[in-house]
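The values are calculated or read from the model by the stated rules, or taken from the named source; none is laboratory data. Every value quoted in this text rests on a predicted model; they were computed, and no experiment measured them. Note that each Cβ is placed from the backbone with ideal geometry, even for glycine, and that neighbours are counted across all protein chains shown.
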Amino acid sequence: MALNQDFVGKTYPPSAPYEVGREKLREFAMAIGDGNPAYHDVAAAQALGHRDLVAPPTFAFTIAMRAMAAVTFDPDLGLDYTRVVHGEQRFAYTRPLLAGDTVVVTTSIESIRVAAGNDILTTRDEITTVDGEHVVTTWSVIVARGTAEESA
């Protein structure tokens, strides 16, 4: 089933608050093999002018993905998640994400298109502190393989 084009431009309510934890940042940095001291050692991060540990740039995706569940599992959108592969990810930072930040994510559907029989969905996630300070915008592209062909 093809995705519902009426969803382009739809914005979902903000996610529940997420508190960025030091150990989550350290674990993520270890998982991606990044030994940057600012991701592991508070004193090193503070020496660079940050109040606490800095999140590796792609850590924001772990937060955005939680909020994207509202989109991917919205039954009215028509996405068959069993056919989804991750296509692309982009980030635009206003400032680094830091341990101790409490953030919310507002997700919007930026585009839906068809290419080679696949539905391609682009979402935009605005990650802000609970006080409204913008931290990062992420864009995610997911591909639902073969779903557009079945609708034809």
- Task: With the condition kept exactly as written, say whether any residue in the range 31-49 is out of contact with any Lys or Arg (no Cβ under 9 Å at 6 or more places or on another chain) and within 14 Å of residue 142 (Cβ to Cβ).
- Result: no
Out of (1) farther than 30 Å from residue 42 by Cβ; (2) modelled with pLDDT of 95 or more; (3) of a type in the set (A, V, I, L, M, F, W, C), the one residue 71 does not meet is (2)
Out of (1) part of a helix (DSSP H, G or I); (2) closer than 15 Å to residue 141 by Cα; (3) not β-branched (Val, Ile, Thr), the one residue 59 does not meet is (2)
Checked pairs for the range 31-60, first β-branched (Val, Ile, Thr), second part of a helix (DSSP H, G or I), C-beta under 8 Å and 6 or more apart or across chains, list as 32/58; 42/22; 54/25; 54/38; 54/39; 54/45
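Here is a yes/no grid of residues against (1) modelled with pLDDT of 95 or more; (2) in contact with a Leu (Cβ under 7 Å, 6 or more places away or on another chain):
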{"position": "6", "(1), (2)": "no, no"}
{"position": "43", "(1), (2)": "yes, no"}
{"position": "48", "(1), (2)": "yes, no"}
{"position": "51", "(1), (2)": "yes, yes"}
{"position": "54", "(1), (2)": "yes, yes"}
{"position": "67", "(1), (2)": "no, no"}
{"position": "90", "(1), (2)": "yes, no"}
{"position": "99", "(1), (2)": "yes, yes"}
{"position": "108", "(1), (2)": "yes, no"}
Yes/no for residue 11 being within 30 Å of residue 117 (Cβ to Cβ), surrounded by 13 or more Cβ atoms within 10 Å (Cβ to Cβ), touching a residue at least 60 places away in the same chain (Cβ under 8 Å) and hydroxyl-bearing (Ser, Thr, Tyr):
no
Of the residues in the range 1-33 that are in contact with a strand residue (DSSP E or B) (Cβ under 6 Å, 6 or more places away or on another chain) and not in a loop (DSSP other than H, G, I, E, B), the one that is farthest from residue 83 (Cα to Cα) is 19
Out of (1) assigned to a loop (DSSP other than H, G, I, E, B); (2) touching a residue at least 60 places away in the same chain (Cβ under 8 Å); (3) not hydrophobic (A, V, I, L, M, F, W, C), the one residue 107 does not meet is (1)
